[in-house]
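What follows is a single structure, written as structure tokens, with notes after it.
The numbers here are math on the coordinates, done by the rules we state, and not lab data. Values in this document were obtained by computation on a predicted structure and should not be read as measured data. Note that each Cβ is placed from the backbone with ideal geometry, even for glycine, and that neighbours are counted across all protein chains shown.
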Amino acid sequence: MKITAIRTVVVNAIHRNWVFVKVETDQPGLHGWGEATLEWKTRAVVGAVEDLEQFVVGQDPRRIEHIFARMTKFSFWPLGSIGLTAVSAIDQALWDIKAKDLGVPVWQLLGGQVRDKVRVYTHLRRAKIGAQIGTEDIGAFCAAVEETLAMGYNAVKLGFVPYCAYEATVPELLHVEKVAEAVRDRVGPEVAIMTDFHGRPASPEVARAYIDVIAPIRPLFVEEPIQPGNAAAMAGLARRVNCPLATGERLFTLREFAELSELQAVAHIQPDLSHCGGLTGGKKIAAIAEAGQMGIAPHNPMGPVAGAVALHFDVATPNFLIQEEAVGLVPWFDEIFDHPMQLVNGCWDVPQGVGLGIEINEATAARHPFAPEIVPALDAILPDGTIAHW
């Protein structure tokens, strides 16, 4: 069996363009899908996929580690977020092809089933475009959280922390404290609440101030309390707060995750399987985390192929904690895909179809072609005009 071509299919989903990668083979009807969505870097990622094609076409798609090495080592330069996103999507598609060729679900190739269901969480109102609401009106915000849970979830991730830099003002801290308490009072103790700081605090001290007022509601974790890449600073913060921390969506290499593990910097890591080397990279990162006694909560606010990949990974990963999902991001999410992400009592069922179990209707996808995304990060400006971390 040989790979004959690699193609990209771009679908505009308002805040991001989904970049689907199709790896074709010389076996009639046998192809694989991966996802290389990287916010606001669409054309760069598509170009990176095209650059990698020369290392992949003509190879046997079942030699996954071999092709992974060809893509990463022949590239010479460290690939970074754009290059590794392209690698990840091609890697995902190879696992899809191999599982289809063997007639089994991808999770069977990852070590087999270790759980009967996959717990998931969503964002406020499933992150649906145009349906978001701020925390200014605490009652309305709590009502939106209840509305979200009524869709079938028992876990939700919320944004409590405002844009900030090197100061957490008393009014802002008091407001965040009130919002967090109100949400917990409204939903009760059974619902898992996570909060994403998005790396907004510019120092561990500011992050600590906000964590201290949120910690009493016992969040499952606080995500990216500071900017990624400084494992020592994260470890220092973790030892001074009474709350589990998580990070990893903007980390890509085994070395970066090994540093988190070695320093016991966080309770849970959040690799994105569309950026960290696909399923090949994800399996190695999961082993590093397991050695460090850390849970895995994969990052995924993207399209359906990324969701399917994460589902299969979660089924077979012993130290899995909970999965981020974005099934309701756009109202037509289900119209152009057959996919396996079926929500039952706050969990996804274990898929039984061959491969990743997803197929894209390319004719329907073409109705949502590439367009420049709406970039919410452009609002990340402090009152004095300083650019903040989004």
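In table form, for the structure just shown:
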{"item": "Spacing of the two label points (7 Å from each Cα toward its C-beta) at V354 and V57, in nm", "result": "2.7"}
{"item": "At 0.692 mPa s and 37 °C, Stokes diffusion of the stretch 108-352 via Kirkwood alpha-carbon radius, µm² per second", "result": "179"}
{"item": "Förster radius 45 Å - calculated FRET efficiency between V170 and Q108, Cβ distance, rounded to 0.05", "result": "0.25"}
{"item": "Stokes-Einstein D in µm²/s, Kirkwood radius over Cα pairs - the stretch 312-390 at 4 °C with 1.567 mPa s viscosity", "result": "79"}
{"item": "Potential lengthening between K2 and A287 on full extension [0.36 nm per residue; Cα-Cα distance subtracted]", "result": "99.5 nm"}
{"item": "Modelled FRET efficiency - R0 41 Å, F74 with T364, Cβ distances, 0.05 increments", "result": "0.70"}
{"item": "Per-residue Cβ neighbour rank within 10 angstrom, fewest leading, Y166, Y121", "result": "Y166, Y121"}
{"item": "Spin-label model distance (nm) - L343 vs R186, 7 Å beyond Cα toward Cβ", "result": "1.7"}
{"item": "Inter-site label distance for L378 and K117 at 7 Å from Cα along Cβ, in nm", "result": "4.2"}
{"item": "At R0 = 51 Å, FRET efficiency that the Cβ-Cβ distance of R239 and D26 yields, to 0.05", "result": "0.40"}
{"item": "Under 21 Å from K22, Cα to Cα: lysines that are on another chain or at least 8 residues apart", "result": "K2, K41, K98, K100"}
{"item": "Calculated diffusion of the stretch 3-105, Stokes-Einstein form, Kirkwood radius summed over Cα pairs, 25 °C and 0.890 mPa s, µm²/s", "result": "181"}
{"item": "Mean residue ellipticity (222 nm) of the chain, computed from DSSP H runs ≥ 4 via -39,500 (n - 2.57), nearest 500", "result": "-11000 deg cm²/dmol"}
{"item": "Relative contact order for the stretch 108-352, counting Cα pairs under 8 Å that sit 6 or more residues apart, in percent", "result": "23"}
